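The values are calculated or read from the model by the stated rules, or taken from the named source; none is laboratory data. Since the structure is predicted, the reported quantities are computational estimates derived from the model, not experimental observations. Heads up, the Cβs are rebuilt from the backbone with ideal geometry, glycines too, and the neighbour counts pull from every protein chain shown. Surface areas here come from the heavy atoms of the whole protein model, side chains and all, with no ligands, DNA or RNA. Shrake-Rupley method; radii C 1.70, N 1.55, O 1.52, S 1.80 Å.
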Amino acid sequence: MSVTSKTATKTTAPGRGDPTPERGLPHGGRRREFTTRRGLQIAAFMAPAAVFVAVFTYYPVIAGGQMAFRNWKLTDLTDTSWVGLKNFRDVFADPAWSTVLGNSAIWVFGSIVPQLVIGFALALWLRRRFRFRGLYQALIFFPWAISGFLIGILFRWLFNSEFGVVNDLLQKAGLIDEPIAWLADPKTAMVAVLIANIWYGVTFFAIMILAALQSIPDELYEAAALDGAGKARTLFQITIPYIRTTLALTVLLRVIWIFNFPDLIFGMTGGGPNNETHIVTTWMIKITQQGDYGRASALGLLVVAALLVFAVFFLMATREKKGVRS
């Protein structure tokens, strides 16, 4: 049989002379023509969502962005003149700016490292098979479903200087002689909010890393065991290299979220005492509450610019991950 006849046999339906329809096309192999009526139908279905996003997302962003270059204050709405970069200069000249910027750096990096280490350890433990593993997973993952503001209120009660559980436990253990004013002392307030944020964010790392660990073939660990590799060597030469892209993506995503996460701080300290726990986003909310929308919008644009930098790294890491998989 010739090559032509073989090809014809493969492309002909059994018992019929018509060619088999191409995969992914409607019956008969004909593509549905795109008409004006069909285009209007698609536009009609998309219009409600497009209007909703435009009204509640893009318009507030544009309106808030132009406020950053105007003298926009609730105390005097009669004068909203264009002031250029004055609001940005006022932000940088504010005495609290250096404190807020330093607190933001401590808030991000002081939370990321412990969350990553503890979350990684929990994920390694949960990957093992043991009784009631599903129950432990549910208990560990549960905090992520709770609002950050509610977590802040909970920890404000735990660190209360008069009837807080933390002081009570430390006194019973003999580690302190008298209660510590955790949230009122500038030296301990940031430590308290960091502890709360670490506890809250460990869950996310545990979820993401556990999902990545479950994709590692068991044959790799079996081969490493046959080669006499210990636990440390297996961890650093098999486990971490295999999930390093997931780790990078998780860290970058978590950095963006923590940088833009004022809920917990507002629930615990409200930025006090004396701005010692204010980060950029909580400070922006405070300025908004004072009625200075122009300076708050300028600060918001600075936050967007900082997050865009992280977003670029995030997209680069995502592109590298797709390339490896392909």
Restricting to Cα pairs under 8 Å and 6 or more apart, the percent relative contact order of the stretch 22-146 works out to 9 percent
Gain in length, L220 to Y136, computed as 0.36 nm per residue apart minus the alpha-carbon separation, to one decimal in nm?
27.6 nm
As an exercise, use a Förster radius of 35 Å and the Cβ-Cβ distance of D263 and A93 to find the FRET efficiency, rounded to the nearest 0.05.
0.80
Mind listing the phi-derived Karplus ³J(HN,Hα) values for the stretch 260-265, rounded to whole Hz, using 6.51, -1.76 and 1.60 with θ = phi - 60°, and x for any glycine or proline?
10, 10, x, 4, 5, 5
With n ≥ 4 as the cut-off for DSSP H runs, can you work out [θ] at 222 nm for the chain, using -39500 (n - 2.57) per run divided by the number of residues, rounded to the nearest 500?
-21000 deg cm²/dmol
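Roughly to the nearest percent, how much of the accessible area of the chain is carbon and sulfur, given a 1.4 Å probe?
64 percent
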For the chain, whose charge dipole is built from +1 on Lys and Arg Cβ atoms and -1 on Asp and Glu Cβ atoms, the candidate among I146, A49, V251 with its Cα farthest towards the positive end is A49
Take every Cα pair under 8 Å in the chain that's 6+ residues apart, average their separations, divide by the length, and report that relative contact order as a whole percent.
25 percent
Tabulate in residue order the Karplus-calculated ³J(HN,Hα) for the stretch 73-89, using 6.51 cos²θ - 1.76 cosθ + 1.60 with θ = phi - 60°, rounded to whole Hz; enter x for Gly and Pro.
10, 5, 6, 8, 7, 6, 10, 10, 5, 6, 10, x, 8, 4, 4, 5, 5
Relative contact order computed over the stretch 73-224 (Cα-Cα under 8 Å; 6+ residues apart), in percent:
32 percent
I need the shape label for the chain. Rule: rounded when a/c is under 1.5, else prolate if a/b > b/c, else oblate, with a, b, c from the alpha carbon gyration tensor.
oblate
Residue by residue through the stretch 192-208, what is 3J(HN,Hα) from phi via Karplus (6.51 cos²θ - 1.76 cosθ + 1.60, θ = phi - 60°)? Round to whole Hz and write x for glycine and proline.
5, 5, 5, 4, 5, 5, 5, 4, 6, x, 4, 4, 4, 5, 4, 5, 5
Rg (Å, one decimal) plus Dmax (Å, integer) for the alpha carbons of the stretch 28-128?
25.5, 73
With Cα springs under 10 Å, the Gaussian network model of the chain assigns the largest mean-square fluctuation among V55, V193, V108 to V55
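Excluding ligands, DNA and RNA, what is the solvent-accessible area per residue of the stretch 35-91 at a probe of 1.4 Å, expressed in Å²?
On a per-residue basis, 76 Å².
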Per the 1/(1 + (r/R0)^6) rule, R0 = 51 Å and r from the Cβ atoms of K172 and F52, FRET efficiency to 0.05 is 0.40
Most mobile of P179, P48, P95 per a Gaussian network model of the chain (Cα springs, under 10 Å)?
P48
Quick note, the stretch 99-166: a/c under 1.5 would make it rounded; otherwise a/b > b/c is prolate and the rest oblate (a ≥ b ≥ c, C-alpha gyration tensor); here it is oblate
In Å², rounded to a whole number, the accessible area per residue of the stretch 152-298 with probe 1.4 Å is 49 Å²
Within the stretch 141-223: Cβ-based charge dipole about Cα centre, in debye rounded to nearest 20 (Lys, Arg +1; Asp, Glu -1)
320 debye
Can you give me the P(r) profile for the stretch 227-305? Cα pairs, bins 10 angstrom wide beginning at 0, each as a whole percent.
16, 31, 20, 15, 13, 5, 1
Just check the stretch 149-201 against the gyration tensor rule for me: Cα atoms, a ≥ b ≥ c as the square roots of the eigenvalues, rounded for a/c under 1.5, and otherwise prolate or oblate depending on whether a/b exceeds b/c.
prolate
Which number comes out as Rg/Rh for the stretch 143-287 once both Rg and the Kirkwood Rh are worked out on C-alpha atoms?
1.13
Near the amide H of R70, under 5 Å away, which other amide H atoms are found, from residues 5 or more places off or on another chain, if H is placed in the peptide plane?
V83
